1. Among (1) surrounded by 14 or more Cβ atoms within 10 Å (Cβ to Cβ); (2) hydroxyl-bearing (Ser, Thr, Tyr); (3) within 16 Å of residue 150 (Cα to Cα), there is one condition residue 34 misses while meeting the rest; what is its number?
2. Out of 57, 68, 126, report the one residue that is exposed (fewer than 15 other Cβ atoms within 10 Å of the Cβ) and under 29 Å from residue 34 (Cβ atoms).
3. Could you tell me which of the residues 154, 82 is more than 30 Å from residue 52 (Cβ to Cβ) and under 16 Å from the mean Cα position of the chain (by Cα)?
4. Tell me which residues, restricted to segment 109-151, are of a type in the set (A, V, I, L, M, F, W, C), part of a strand (DSSP E or B) and closer than 21 Å to residue 61 by Cβ.
5. Select from segment 49-67 the residues that are outside any loop (DSSP other than H, G, I, E, B), farther than 18 Å from residue 151 by Cβ and hydrophobic (A, V, I, L, M, F, W, C) and list them in ascending order.
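Laboratory data are not the source of any read-out in this text; all were calculated from the coordinates shown. Predicted model, so just to flag it, every value in this text is computed and none were measured. Reconstructed Cβ throughout: ideal geometry from the backbone, glycine too, with neighbour counts over all protein chains shown.
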Amino acid sequence: MVAVHFTALPSDAVKALRQGSPDAYGLLPERDISPGGYPCRHCLYMIAAGEPCLTLAYRPFPALQPYAETGPLFLHAEECTRYEASNRLPPMLESQDYILRGYGDDHRIVYGTGAVTATEAIVDRASALLERTEIAYVHVRSARNNCYQCRIDRAEDRSPG
């Protein structure tokens, strides 16, 4: 079984967005107050009701290409600590199920890897996908809205990003 690491958004990218850098669409992140239940993609905890948050477009790929999906996500507007854990589900993954999908080194979907996965099966499913040499990493996405949640890497391959 391959050990997996849940990879949150890089702290330097999050800091830049908080300081007014444009999002994936060239727009400034929208600042709002969370109604509660928004998942922060940096600390991988939920943003509590009443806390300031940012809403922005994010593309979790290094360059534009046909498979480089862009979508909305939330961040704490104030500083939070980046999530760092292996083989342990992030606190924000509290829904019933998610889509897990494998990507190759070329950042394109490895066909046949996408599947709706029950929350309690995420670690095992990601581990099984990452045992395949053609899969470089796995995305966790909302099964309801397809929103990007986080990335899963092999624990030994993770980058400091």
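1. (3)
2. Testing whether each residue is exposed (fewer than 15 other Cβ atoms within 10 Å of the Cβ) and under 29 Å from residue 34 (Cβ atoms) leaves just 68.
3. 154 is the lone residue from the list that is more than 30 Å from residue 52 (Cβ to Cβ) and under 16 Å from the mean Cα position of the chain (by Cα).
4. Within segment 109-151, 109, 115, 138, 140, 150 meet the criteria.
5. 53, 54
For (1) in a loop (DSSP other than H, G, I, E, B); (2) free of Cβ contacts under 8 Å to residues at least 60 places away in the same chain; (3) out of contact with any Ser or Thr (no Cβ under 6 Å at 6 or more places or on another chain); (4) under 14 Å from residue 7 (Cα atoms), each residue gets a yes or a no:
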residue: 69; (1), (2), (3), (4): yes, no, yes, no
residue: 79; (1), (2), (3), (4): yes, no, yes, no
residue: 88; (1), (2), (3), (4): yes, no, yes, yes
residue: 92; (1), (2), (3), (4): yes, yes, yes, yes
residue: 107; (1), (2), (3), (4): yes, yes, yes, no
